[in-house]
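Working notes, beginning with the structure itself.
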Amino acid sequence: MDLSLSDEERARYEWQMWLPGMGEEGQCRLKASSVLVSRVGGLGGLVALELAAAGVGRLILAHGGLLKPSDLNRQLLQSRSGIGRPRIEGIVQRLREFNPDCEVVALPHNASAQNAEDMVSLADVVVDAAPLFEERLALNSAAMRLGRPMVECAMHGMEISVTTFLPGRSGCLACYVPEVPASWKRQFPVFGAVSGTAACFGAVEVIKLLTGLGSGLVGEMLHGDLATMRLRRLSLPKRADCPVCASAKPWSGLTQS
């Protein structure tokens, strides 16, 4: 893969390369990177769209199941004509049309304890946007074992949360959610605008990790209540006895150059 920028790419990304500390070097870092987005629905779909817009070179997208009418209030990569078809088909088509220079790798299944490590091994950074804690904890374990940062994005009702787990520096998801909560339900109230807000924060966290811009939410969670428009940063625990991250492989930076 040619990691230099073409004239067309310079024109596309010109305005973001004006950002101090970004420039062509930062844009080349995005082009050289691979990001796994697990669940590409109302939240993960907008993360993927923003990363494709920013010029991330390779997106690995994991999403199973068929599109339903109830998905369309938030899954903005989809269209009504895709109802009844595999969700991943509409996702891939939309992103390839939007940015043909972004390589899109489709995984037509959701994360599990059996496949999470294979999925995580394909990427420099993981974005977890799954609605089920079984998937989240499986991705978290794989990311810690392989030394990959994981940006955790979530929403419920009018609330959003985003954090970054950095192996070797922060705790992990299992430090404060060691097992699947008994009270958690798969279906919950959601506005597309709320999941999209969480997605934009999550995409910015990924961009910062890949380019070195700014400072991330490592060891902290950004929590937002959009009903009152209040944001706050919360410190997250790092348990010395956590069986998942206590022996995590420290992140050594991007695996590609």
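Within this structure, Q93 fails the test of being out of contact with any His (no Cβ under 9 Å at 6 or more places or on another chain), closer than 21 Å to G202 by Cα and polar (S, T, N, Q). Among residues of region 33-64 being of a type in the set (S, T, Y) and in contact with a helix residue (DSSP H, G or I) (Cβ under 7 Å, 6 or more places away or on another chain), the one that is farthest from N140 (Cα to Cα) is S33. Cβ-Cβ contacts under 8 Å between residues 6 or more apart (or on different chains), taken from a first residue in region 2-22 that is buried (at least 17 other Cβ atoms within 10 Å of the Cβ) to a second residue that is among the β-branched types (V, I, T) and in a helix (DSSP H, G or I), are listed as M22/T211. Residue-level check: of (1) at pLDDT 95 or above; (2) on the phi < 0 side of the Ramachandran plot; (3) over 14 Å from the mean Cα position of the chain (by Cα), L43 misses just (3). Just one of the listed residues (I88, I60) is assigned to a helix (DSSP H, G or I) and within 17 Å of D128 (Cα to Cα), and it is I88. Scanning region 154-190 for residues that are farther than 30 Å from L210 by Cβ, in contact with a strand residue (DSSP E or B) (Cβ under 8 Å, 6 or more places away or on another chain) and not hydrophobic (A, V, I, L, M, F, W, C) yields a count of 2.
For every residue, the table says whether it meets (1) in contact (Cβ under 8 Å) with a residue 60 or more places away in the chain; (2) part of a helix (DSSP H, G or I); (3) buried (at least 24 other Cβ atoms within 10 Å of the Cβ); (4) among the acidic types (D, E).
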| position | (1), (2), (3), (4) |
| --- | --- |
| G26 | yes, yes, no, no |
| V35 | yes, no, yes, no |
| V47 | yes, yes, yes, no |
| L51 | yes, yes, yes, no |
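Filtered by the rule that a residue be under 16 Å from L49 (Cα atoms) and either touching a residue at least 60 places away in the same chain (Cβ under 8 Å) or exposed (fewer than 14 other Cβ atoms within 10 Å of the Cβ) (or both), region 76-98 gives L76, S79, E97. Just one of (1) closer than 27 Å to D71 by Cβ; (2) out of contact with any Phe, Trp or Tyr (no Cβ under 8 Å at 6 or more places or on another chain) fails for L222. It is (2). For region 230-248, filtering for residues that are touching a Gly at 6+ places or on another chain (Cβ under 9 Å), loosely packed, with under 14 Cβ neighbours inside 10 Å and not hydrophobic (A, V, I, L, M, F, W, C) leaves 4. Among the residues of region 107-122, those that are part of a loop (DSSP other than H, G, I, E, B), touching a Leu at 6+ places or on another chain (Cβ under 7 Å) and under 20 Å from G45 (Cβ atoms) comprise A111, L122.
The values are calculated or read from the model by the stated rules, or taken from the named source; none is laboratory data. All figures in this text were calculated on a predicted structure; none of them were measured in a lab. Counting neighbours? That spans all protein chains shown, and the Cβs are built from the backbone with ideal geometry, glycine included.
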